[in-house]
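Inspection log for the structure reproduced underneath, given as structure tokens.
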Amino acid sequence: MASLAEALAQTFLPSTCATCGAALPWKGSRASVCAACWASLRPHGGPACPRCGEPGVEDEGPCLACRTDPPPWHAAASFGPYAGRLRDLVLLLKSGGRDELARPLAGLLAGAMADAGWPPPDAVLPVPMSGWRRLRRGYNQAELLARALARRIGAPLVPALGRRRGAAQVGRARTERLRLSSSAFPARRPLSGRALLIDDVLTTGATAAACSRSLAAAGASETYVLTLARTPRSGRIP
């Protein structure tokens with residue numbers, strides 16, 4: 001039976017890894033990505049700021065930037081830097097049509113959340129996507145990640161945020177991104193308790209900040225921001 005299953009898998013499933021192009025063995029691979037590429041993913045090393053999640057801080061408390069101008073969320077964390085294989089996987093999920101990656105990548109989110117020591121959320125929310133972009137792409141990658149994570153940790157998925165025209169950040173300069181208002185992501189329903197906001201990458205932090213303000217206005221007591229990857233502090237808030 002095992003040999004038959006392996007033969008069928010080799011016939012109908014991709015024969016090469018979606019990231020490195022190596023021959024894809026039947027055993028050990030997940031979502032068309034070989035075991036070696038999954039094993040090569042490395043989380044942030046060392047301590048991180050408990051407020052903004054910036055890795056590499058020396059003190060146990062908030063970093064200087066967060067003490068000076070704290071972000072509107074309670075805490076933020078990510079699995080690793082937006083580079084190498086992690087960047088490849090994010091791009092495959094985001095624009096490569098590989099929605100099957102959401103489930104294993106949600107496992108990385110769960111690990112980052114556990115490492116941060118956060119309490120269980122009362123609601124898991126994805127950063128919303130415009131209707132046109134979702135129609136063109138076929139899905140919202142943040143929603144796929146949020147749904148898979150919510151199932152994994154046993155928390156409710158609550159897509160409570162909308163997205164108005166003009167909220168897109170891709171291609172904008174940093175100064176334009178930082179002007180993003182919470183009105184770009186209106187809350188569709190009242191909230192209570194802890195909200196866990198999910199996205200693929202934290203870049204400037206403007207989108208997460210706007211969403212966090214909107215969630216607070218809707219009644220969320222605390223917002224935790226969780227992403228797969230983050231860019232370096234340069235060009236990002238806080």
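So, in the stretch 115-170, of the ones that are among the polar types (S, T, N, Q) and touching a strand residue (DSSP E or B) at 6+ places or on another chain (Cβ under 7 Å), which residue ends up nearest to Leu202 (Cα to Cα)?
Only one residue fits best here, namely Gln141.
Can you name the number of the only condition in (1) more than 17 Å from the chain's Cα centre (by Cα); (2) surrounded by fewer than 15 Cβ atoms within 10 Å (Cβ to Cβ); (3) among the charged types (D, E, K, R) that Asp115 fails?
(1)
Which members of the stretch 55-100 meet the condition of being closer than 30 Å to Arg137 by Cα, in a helix (DSSP H, G or I) and in contact (Cβ under 8 Å) with a residue 60 or more places away in the chain?
Arg85, Leu86, Arg87, Asp88, Leu89, Val90, Leu92, Leu93, Lys94, Glu100 - these are the residues of the stretch 55-100 that are closer than 30 Å to Arg137 by Cα, in a helix (DSSP H, G or I) and in contact (Cβ under 8 Å) with a residue 60 or more places away in the chain.
Read through the list (1) open to solvent by 70 Å² or more (accessible area, probe 1.4 Å); (2) at pLDDT 90 or above, then give the number of the only condition that Pro62 fails.
Result: Pro62 fails condition (1) only.
Find all pairs meeting these conditions: Cβ atoms under 6 angstrom apart; at least six residues apart or on different chains; first residue within the stretch 191-219 and in contact (Cβ under 8 Å) with a residue 24 or more places away in the chain; second residue charged (D, E, K, R) and surrounded by 24 or more Cβ atoms within 10 Å (Cβ to Cβ).
From residues that are in contact (Cβ under 8 Å) with a residue 24 or more places away in the chain, the pairs are Leu202/Arg230.
Among what's in the stretch 183-217 and is open to solvent by 40 Å² or more (accessible area, probe 1.4 Å) and among the hydroxyl-bearing types (Ser, Thr, Tyr), pick the residue that is modelled with the highest pLDDT.
Residue satisfying both the conditions and the ranking: Ser192.
Exactly one condition in (1) modelled with pLDDT under 90; (2) touching a strand residue (DSSP E or B) at 6+ places or on another chain (Cβ under 9 Å) is false for Leu41; which is it?
Going through (1) modelled with pLDDT under 90; (2) touching a strand residue (DSSP E or B) at 6+ places or on another chain (Cβ under 9 Å) one by one, Leu41 breaks only (1).
So which pairs qualify, if the first residue must be in the stretch 121-144 and within 12 Å of Leu161 (Cβ to Cβ), the second must be among the acidic types (Asp, Glu) and modelled with pLDDT of 95 or more, the Cβ gap must be under 7 Å, and the two must be at least 6 apart or on different chains?
Within 7 Å, the pairs are Pro126/Glu143; Val127/Asp199; Ala142/Asp199; Ala142/Asp200.
The values are calculated or read from the model by the stated rules, or taken from the named source; none is laboratory data. From a predicted model like this one, the values you see are computed outputs, not experimental measurements. Neighbour counts run over all protein chains shown; Cβ positions are idealised from the backbone, glycine included. What goes into the accessible areas is simple: the full protein's heavy atoms, side chains included, and nothing from ligands, DNA or RNA. Shrake-Rupley method; radii C 1.70, N 1.55, O 1.52, S 1.80 Å.
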